[in-house]
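Accompanying notes for the structure given below.
The values are calculated or read from the model by the stated rules, or taken from the named source; none is laboratory data. None of the values given here were measured: they were computed from a predicted structure. A quick note on method: Cβ atoms are made from the backbone with ideal geometry, for glycine too, and the neighbour counts reach across all protein chains shown. Remember, those area values only see protein heavy atoms, side chains included, never the ligands or the DNA or RNA. Shrake-Rupley method; radii C 1.70, N 1.55, O 1.52, S 1.80 Å.
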Amino acid sequence: MKINQIYVNLPVKDIQKTKKFWSNVGFTINEQFSDEKAVCVVLNDNTFVMF
């Protein structure tokens, strides 16, 4: 079985601070899967972290 995508889900207290931190570190935010309740950080083409 081949895995096409990996999503890791982690809880955080402040979405905006989390989004700013990961953007400042150089990662891309997938706005399609982000809103005021969640942020999707793209680690590479197949790996994403949902905060």
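Computed with a 1.4 Å probe over protein heavy atoms only, the accessible surface of the chain comes to 80 Å² per residue. Here the sum of -39500 (n - 2.57) over DSSP H runs of 4 or more residues, divided by the residues of the chain, equals -6500 deg cm²/dmol at 222 nm, to the nearest 500.
If you compute percent of Cα pairs over 19 Å apart for the structure shown, which of (1) 42; (2) 20; (3) 9 do you land on? Working out percent of Cα pairs over 19 Å apart from the coordinates points to (2).
Can you check what the net charge comes to around Val25, using other residues whose Cβ is under 13 Å from the Cβ of Val25 (Lys, Arg +1; Asp, Glu -1)?
Working: positive: Lys17, Lys19, Lys20; negative: none.
Its environment carries a net charge of +3.
With a cut-off of 8 Å between alpha carbons and a minimum separation of six or more residues, what is the relative contact order of the chain in percent? List each step's numbers first, then the result.
Working: 73 pairs, mean separation 21.7, N = 51.
The value is 43 percent.
Close amide H contacts of Leu43 (hydrogens built in the peptide plane, cut-off under 5 Å, sequence separation of 5 or more or a different chain): Phe48, Val49.
Compared with the dominant principal axis of the Cα atoms in the chain, helix 15-25 is inclined by about 70°. Of the solvent-accessible surface of the range 4-51, computed with a 1.4 Å probe and all protein chains present, 53% belongs to carbon and sulfur.
Using +1 on the beta carbon of Lys and Arg, -1 on that of Asp and Glu, and nothing else charged, what's the dipole of the chain about the Cα centre, debye to 20? Could you put the intermediate results ahead of the total?
Numbers: 6 positive and 5 negative charges, 31 e Å.
Magnitude of the dipole: close to 140 debye.
Annotation: the antiparallel percentage among DSSP beta bridges lying fully within the chain is about 60.
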